[in-house]
1. Being under 30 Å from Arg366 (Cα atoms) and polar (S, T, N, Q) is the requirement here; does Ser265 meet it?
2. Would you pick out the residues in region 71-88 that are modelled with pLDDT under 85 and not in a helix (DSSP H, G or I)?
3. Is it true that Thr91 is at pLDDT 95 or above, among the hydroxyl-bearing types (Ser, Thr, Tyr) and closer than 30 Å to Glu371 by Cβ?
4. Kindly provide the set of residues from region 26-36 that are touching a residue at least 60 places away in the same chain (Cβ under 8 Å) and over 12 Å from Leu444 (Cβ atoms), ordered by number.
5. Counting only residues that are surrounded by 14 or more Cβ atoms within 10 Å (Cβ to Cβ) and among the hydroxyl-bearing types (Ser, Thr, Tyr), which one in region 349-398 is nearest to Asp194 (Cα to Cα)?
6. If Gly155 meets every condition in (1) part of a loop (DSSP other than H, G, I, E, B); (2) in contact (Cβ under 8 Å) with a residue 24 or more places away in the chain; (3) farther than 22 Å from Ala203 by Cα apart from one, which number is that one?
7. Just for region 280-301: of the residues that are of a type in the set (A, V, I, L, M, F, W, C) and touching a helix residue (DSSP H, G or I) at 6+ places or on another chain (Cβ under 6 Å), which one is nearest to Gly385 (Cα to Cα)?
Amino acid sequence: MRVDVLVAEIGSTTTLVNAFQDVSGDAVFWGQGQAPTSVLQGDVRIGLQGAIDALCRAKGVPSIEYREMLATSSAAGGLKMTVHGLVYDMTARAAKEAALGAGAIIHQITAGTLRRADLERIKEIKPNLIMLAGGVEHGERETALENAEKILSMGLNVPVIYAGNSDNHAEIELIFKKSAAPLYIVENVYPKIDDLNVEPARAVIQAAFEEHIVHAPGMEKVRDMVGGPIVPTPGAVMECAKLLYKEIGDLAVLDVGGATTDLHSVTAGAEEISRISTAPEPLAKRTVEGDLGVYVNMKNVAALVGPEKLQAELGFPLEEVTTNYKPVPETANEIKYVERLTLEAVLQAVERHAGRIRYLYGPTGRVTIAEGKDLTQVRYIIGTGGALTRLPRRVEIMRAIAKQNENGTLLFPPETAEILVDNDYIMASLGALSKRYPEAAVRLLKKSLGLDPK
């Protein structure tokens with residue numbers, strides 16, 4: 001059997017392949033296969049072949065040939081970055097937004113001059129990329145230059161992205177001329193006060209990921225198989241979300257996984273909220289909650305609910321499902337347990353992602369301000385990933401979001417927001433597909449979400 005495009009999602013625990021036909025025409029999702037990722041076996045191609053074999057079995061064909069292969073990856077911990085700016089609430093935060101939106105996992109954020117402890121922490125992290133920012137256009141210069149010199153002195157041979165004051169471009173080039181590691185210079189992520197400019201940096205982060213980073217044993221060999229881009233899996237979801245935003249409007253995408261919960265929102269928010277906001281927010285924002293996962297971090301999420309409350313709500317001994325806990329629930333009680341954990345992960349992730357209304361009191365009386373991302377204009381809440389595409393109560397779980405905002409101070413999506421499910425579980429793959437075939441990606445995603453009756 002021959003298919004047009006095969007997209008591989010190489011994760012830390014599972015490798016998925018999705019096959020698509022007629023990507024230049026009507027676009028058809030042909031089938032899916034999955035297998036354990038084989039990082040520990042020394043070559044991720046083993047897991048990739050296992051997923052292809054599973055696809056063959058599912059479709060009843062002896063083998064599959066493909067015209068083109070694309071890929072996303074979060075194997076071996078994903079895209080590890082450290083981010084270093086001037087002022088935390090300004091340039092450091094802007095750089096963080098750029099990195100998260102590109103699909104990175106940020107292990108360190110610093111503001112101001114790097115200290116010895118900061119440098120030691122960078123060595124421990126062993127990042128795949130380092131981002132330097134600092135200074136609005138034609139503003140402060142010295143902090144970024146000093147930090148660049150200190151990073152160079154560490155001899156890490158790690159690609160560096162400079163996204164700060166453009167007055168430093170020539171100096172930055174001279175500093176890193178001594179380094180064998182690649183240097184990327186992009187537009188300032190915070191060119192002036194209250195102005196975020198994150199998209200140029202996001203594009204370069206993904207390009208650097210593909211060009212220079214081998215995430216896991218065998219990835220360099222997978223690159224020989226892949227004819228298109230290899231992008232970080234969360235970054236692929238964000239690309240798909242931004243593409244869909246142009247078609248249907250303001251949206252939020254939730255992905256509850258075994259280790260983390262990601263939330264992507266694409267919305268400018270309400271004008272009345274923007275007028276009282278204390279700091280700018282990007283149109284497209286991603287947050288990743290490293291403690292909210294329903295398999296690897298099951299105990300963390302259960303602790304947030306509380307064992308007594310969890311026991312009372314479920315009505316059966318927790319040991320029944322937590323002993324020999326499985327990555328995919330099978331029995332009715334296991335499903336019920338994972339659904340409750342998923343609900344908690346969703347509610348916690350949305351509360352951490354969303355902004356809130358605050359009241360300040362002073363000599364002139366009460367002043368109302370808004371902090372963080374405004375989700376009040378979100379028209380669609382989309383569930384992707386294993387939990388929110390496969391659990392029986394996935395729609396009810398996402399519908400519970402609006403009910404958590406009883407006092408009205410959280411900038412949550414409204415109750416009128418429509419719940420959509422990525423039924424084919426292909427959103428990340430379509431993010432990669434959109435790099436080559438954007439029209440096909442939109443068409444396939446609408447089908448998976450039930451927006452296209454064809």
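The values are calculated or read from the model by the stated rules, or taken from the named source; none is laboratory data. Just so you know, these numbers come straight off a predicted model, no measurement behind them. Don't worry about glycine lacking a Cβ; one is built from the backbone with ideal geometry, like all the others, and counts go over all protein chains shown.
1. No.
2. Initial filter on region 71-88 (modelled with pLDDT under 85): 73-79.
Hits for region 71-88 are Ser73, Ser74, Gly78, Leu79.
3. Judged against the criteria, Thr91 is not a match.
4. Hit for region 26-36 is Gln32, nothing else.
5. Across region 349-398, the extreme among qualifying residues is Thr376.
6. For Gly155, the failing item is (2).
7. So the residue we want is Val294.
Matching residues to (1) closer than 28 Å to Leu411 by Cβ; (2) hydrophobic (A, V, I, L, M, F, W, C); (3) within 24 Å of the chain's Cα centre (by Cα); (4) modelled with pLDDT of 95 or more:
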| position | (1), (2), (3), (4) |
| --- | --- |
| Thr287 | yes, no, yes, no |
| Asp291 | yes, no, yes, no |
| Gly306 | yes, no, no, no |
| Phe316 | no, yes, no, no |
| Glu351 | yes, no, yes, no |
| Arg358 | yes, no, no, no |
| Val367 | yes, yes, no, no |
| Gly372 | yes, no, yes, no |
